[in-house]
Structure formats: structure tokens, C-alpha cells
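Remarks on the structure that follows.
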Amino acid sequence: MHNIDLHCHSTFSDGALTPVQLVERAARRGVDALALTDHDETGGLPEARAAAAAAGIVLIDGVEISVSWNGHTLHVVGVHVDPANAALAAGLAQIRLGRAQRAERIAAELESVGIGGSLEGARACAANPDLVGRAHFARYLVARGCARDVKAAFNRYLAQGKPGYVAHQWTTLERAVSWINGSSGIAVLAHPGRYRLSDAGVDDLLGEFSDLGGAAVEVVTGGHTPAQYALFAGKARRFGLAASVGSDFHAPAESCDLGRLPALPPGCVPVWRDWNTGTAS
Ligand code: AMP
Ligand code: MN
Ligand code: MN
Ligand code: MN
């Protein structure tokens, strides 16, 4: 019986654990193969790889790319990517530049509702100065007493429609998939149940994702309900896409933990079926 987790975050993006702590936690919790998939960033992979070798688990090189599609922000996970690939590296660097500019705009919006100094505050919560995200603003807002916890900080200030939210143009779905495929990776549509799409909108997205070369959909993930496991298992089958499993773990107290997700529903083709990781069955 293997335990595979293809989606999680370290301090190189908005996770709370270093790559080493993350891998050690995964190993302790029985994970055999872990993909580190930081937002728009692959800098944590060398540390994670070394820690995985020491812990005797398989580390899969991954990334989670931020995309704008039809007015929605989507996330595309790439697994088995080559972080040294020039087009992928350049594309991710470009997204990080856009993030830095967005962070300034978020801080200006928060300033206009009386919360000053949040850019410095968010940066101080971010171990990677190139990757300041909304989660770092959220942690700063909590530390400053503006919200009870990270979830409340999003609900009050950072979610779409709230005072600190700014619209942002990420990369296109086409580019994200082509960078992943061009670096010999596999493109997985992350947590499709989290986007505010109608059923027809989800079908449009899955059709386009598949046409562009996307290979799989996250079916079992921390952000889905059991009913959504079944829903997206059916859609994956219908669109000829494989199925993936990932906790989307960020921090022990904040999110679904590593290594505790249920198996894929029957009828799914696991995205790892033909991988030679030593864990596939
Ligand atoms: P960003 O890519 O900087 O816009 O931030 C997106 C990240 O914010 C997600 O990956 C989650 O880590 C976090 N996030 C988004 N919405 C929420 C929420 N409602 N509650 C807690 N964390 C959230
Ligand atoms: Mn995140
Ligand atoms: Mn995501
Ligand atoms: Mn994620």
C-alpha cells in the first residue's frame, strides 16, 4: 500500500515548514512519495530532495503555477518538472515579479482602510523575499490583531471583494501547461472544486485544459469534500484525464495534513500509474 501526496507547500512559498521539516513530517506520517509544489517557485526542491534521500522517501519535483483564465484565478500543478528548464524558470521568474508588484498594491489597499505598514509586515512573515503572497499578509494581519486567524483574515480583508483584494493578471493556462510539458513534466489542474465556476464552466475548463495538453485533475485534495471526490472522478473519466491526490498542506494548524487523504474513487486512472518512482503499483 503506498501513500502518495502530490501537492504541498514549504517556506519557499506560503507554507510554514522548511523543505526539510516538510519532508521529515511527510516521512513520519507514512508518505512514500511527495511532490513539493510551491507557488510559482522551485527553489525549495534541492533541500527537499536531500532530505527525502535521508528519510528514505521519494521526492518529486513540482510547482504550482498561478493562472488567469476567463476572469478566474486557477492553479496548475506541474509534477516531474525539470526546474532547470529555461522556459519554465523564466516564466516563473516573471510571475514572481508580478507578485511583488501585486504585494505593493495590496498594501496600498490595506493602507486605505487604516492598516499601514503591511508590506513590511508581510515581507517579515515571508522567508522567501521573492514570494510574498496573500497568506503572508494574512499572517501579518493575525499577528497585528486585525483577525483571529488566517481564515478570518482572508474572509475580512484578502478574499475577492474584500478591502485588501486586488485583481491580478497571472499567466495564461496555455503558457502554464506548455512550460510544464516543455520541461518534461505533467500538468495537473489543482483543486477544481475551489473555483467559482458553474458546472458548464468546469466542463469548458476541463475541455480546454485537456486540449492544451493538460494530463490530470486533482480529485482527492484537502480543498474538496467527499462529494467533490466523486464529482471530479467522473469528470476526469469523461474528459480522458488522469486523477491526482494532494493534501495542499501549508501548515500544521492551517490545513489538511500530509499523508492522511483517502484513496482515489474506483474507476480513476492514477496520474502516477506509469511512473517509475518505486512506489507505483
Ligand atoms: P496568492 O497566490 O498569493 O493569491 O495566495 C493564494 C493562497 O492563499 C492559497 O494557496 C492559500 O494558501 C491561501 N488562501 C486562499 N484563500 C484562502 C482562505 N479563504 N483561507 C485561508 N487561506 C487561503
Ligand atoms: Mn498557498
Ligand atoms: Mn492552489
Ligand atoms: Mn497549493
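The values are calculated or read from the model by the stated rules, or taken from the named source; none is laboratory data. The model shown is predicted, which means the values in this text are computed figures rather than measured ones. Here the Cβ positions follow ideal geometry from the backbone for every residue, glycine too, while neighbour counts run over all protein chains shown. For accessibility, only protein heavy atoms count, side chains too; no ligands or nucleic acids. Shrake-Rupley method; radii C 1.70, N 1.55, O 1.52, S 1.80 Å.
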Label zone at ALA93 (point 7 Å along Cα-to-Cβ), backbone N below 19 Å, segment 57-77: 63-66
Compute for segment 97-158: radius of gyration divided by Kirkwood radius, i.e. Rg/Rh, restricted to C-alpha atoms, rounded to two decimals. 0.93
Accessible surface of TRP275 in the full protein assembly, 1.4 angstrom probe, to the nearest 10 Å²? 30 Å²
At q = 0.10, 0.16 Å⁻¹, base-10 log of I(q)/I(0) for the chain (Debye sum, equal scatterers on each alpha carbon): -0.49, -1.31
So what is the diffusion coefficient of segment 125-258 in µm² per second by Stokes-Einstein at 25 °C and 0.890 mPa s, using a Kirkwood Rh over Cα pairs? 147 µm²/s
Specify the angular offset, from 0 to 90 degrees and rounded to the nearest 10, of the alpha carbon long axis of helix 199-211 from the longest principal axis of the alpha carbons in the chain. 60 degrees
Under Karplus coefficients 6.51, -1.76 and 1.60, residue-wise ³J(HN,Hα) of segment 36-46 in Hz, glycine/proline x: 8, 10, 5, 5, 6, 7, 10, x, x, 5, x
Using only Cα atoms, find the angle between the long axis of helix 19-28 and the longest principal axis of the chain, and express it within 0 to 90 degrees, rounded to the nearest 10. 50 degrees
Only four residue types carry charge here, +1 at the Cβ of Lys and Arg and -1 at the Cβ of Asp and Glu. Report the dipole size of the chain about the Cα centre in Debye, rounded to the nearest 20. 640 debye
May I ask for the net charge around ALA243, where only other residues with Cβ less than 13 Å from the Cβ of ALA243 are counted and Lys, Arg are +1 while Asp, Glu are -1? +3
Mean Cβ-within-10 Å packing, highest first, puts peptides 235-247, 91-103 in the order 235-247, 91-103
For segment 97-158, whose charge dipole is built from +1 on Lys and Arg Cβ atoms and -1 on Asp and Glu Cβ atoms, the candidate among ALA100, VAL142, LEU110 with its Cα farthest towards the positive end is VAL142
Test item: Cα-centred dipole of segment 97-158, Lys/Arg +1 and Asp/Glu -1 on Cβ, debye: 220 debye
Counting pairs of Cα atoms in segment 62-216, how many percent are more than 19 Å apart? 57 percent
Using +1 on the beta carbon of Lys and Arg, -1 on that of Asp and Glu, and nothing else charged, what's the dipole of segment 19-159 about the Cα centre, debye to 20? 540 debye
What accessible area per residue, rounded to a whole number of Å², is obtained for segment 97-158 using a probe radius of 1.4 Å? 50 Å²
Calculate how steeply helix 173-182 sits against the longest principal axis of the alpha-carbon atoms of the chain, using the helix alpha-carbon long axis, and give the answer as 0 to 90 degrees to the nearest 10. 50 degrees
Residues whose modelled amide H sits under 5 Å from the amide H of ALA243, counting only those 5 or more places away in sequence or on another chain, are VAL217, VAL269, VAL271
